Amino acid sequence: MSTMIKTNADEMRLREQIVEFGRSIFDRGLTAGSSGNLSVRLEDGWLLTPTNASLGRLDPARLAKLDWKGNRVSGDPPSKEAFLHRAMYEERHGAGAIVHLHSTHSAAVSCMDGLDPADCLPPLTAYYVMKIGRLPLIPYYRPGDPALGEAIRGLAARHSAVLLANHGPVVSANTLEAAVYAIEELEETAKLFLLLRNAPTRPLNAEQIQELKATFKLDF
């Protein structure tokens, strides 16, 4: 099924969906202040939450609409991290939506030393494997640095989610609902990881992961 929308009514529905999920994310403390941004792919471009906007107080009519060159078509000025979303959309043609948060536990993990840059969270649960797979760590770039877009571009074709060092997670999926669910699973896994740091753990083994990949047709 295509991730593109085809009518103005569909675009309005997606605008309302961004507002609804943004409010839910904010109210549950998954991001604070004006941090975090959501985007959705359209047939003629994409919608992105505005710069310096709280996800808890979005206006559907003021969401930024951009074309595929990154130019603003309508709405308020977009998040300064628009290039991050654009890079992932360009590399992941099946992505219909992207969620980027500064969620507490994921951001805490992103600040830790000694993480495996190819896969920075262990496969503690089947649900994490099913929704995230492998989570590469992208080195630190200052917020708004366009070089971050190129760093994401190098990984996005093979990974639906990445963790930005000293920053937070970026997750794509075919729908906004799926992207929100995936980033919530990532946040819960980061929380488990921190809770279990001083305890012996038993992550899923290679055979168990392969069974999940075969059963649910996972690609990572």
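Read the figures in this text as sums done on the coordinates, not as results from a lab. None of the values given here were measured: they were computed from a predicted structure. Note that each Cβ is placed from the backbone with ideal geometry, even for glycine, and that neighbours are counted across all protein chains shown.
With each run of n ≥ 4 DSSP H residues scored as -39500 (n - 2.57), what mean residue ellipticity at 222 nm is computed for the chain after dividing by its residue count and rounding to the nearest 500 deg cm²/dmol?
Calculated at 222 nm, the ellipticity per residue is -12000 deg cm²/dmol.
Grab the Cα-Cα distance for ALA32 and SER74, subtract it from 0.36 nm times how many residues apart they are, and report the gain in nm with one decimal.
On the way: separation 42, 0.36 × 42 = 15.12 nm, distance 2.58 nm.
Computed gain between ALA32 and SER74 is 12.5 nm.
Quick one: how many lysine pairs in segment 8-216 have C-alpha atoms under 20 angstrom apart, if they're 8 or more apart or on different chains? Write down the numbers at each step before the final one.
Numbers: LYS65/LYS80; LYS69/LYS80; LYS131/LYS191; LYS131/LYS213.
So the count works out to 4.
In Å, what Rg and Dmax follow from the Cα atoms of the chain?
16.8, 53
Arranged from highest to lowest average of other beta-carbon atoms within 10 Å per residue, in what order do the peptides 17-27, 34-44 appear?
On the way: 17-27: 18.4, 34-44: 22.0.
Sorting 17-27, 34-44 by mean packing, highest first, produces 34-44, 17-27.
May I ask you to order 49-58, 169-178, 143-152 by the average number of other C-beta atoms within 10 Å around their residues, highest value first? Walk me through the numbers before you get to the answer.
Values: 49-58: 18.9, 169-178: 22.3, 143-152: 15.6.
Output ranking for 49-58, 169-178, 143-152: 169-178, 49-58, 143-152.
Per residue of segment 112-125, what does 6.51 cos²θ - 1.76 cosθ + 1.60 with θ = phi - 60° give for ³J(HN,Hα)? Whole Hz please, x for Gly and Pro, Karplus curve as stated.
6, 8, x, 6, 6, x, 7, 6, 8, 10, x, x, 6, 9
Under a GNM of the chain (C-alpha, springs under 10 Å), which listed residue has the highest mean-square fluctuation: THR125, THR104, THR31?
THR125
What are the residues whose amide H is under 5 Å from the amide H of ILE138, where those residues sit 5 or more places off or on another chain and H is modelled from the backbone?
Counting only residues 5 or more places away or on other chains, the set is LEU163, LEU164, ALA165.
Name the residue, out of TYR140, TYR181, TYR89, whose mean-square fluctuation peaks in a Gaussian network model built on the chain with Cα pairs under 10 Å.
The residue with the greatest mean-square fluctuation here is TYR140.
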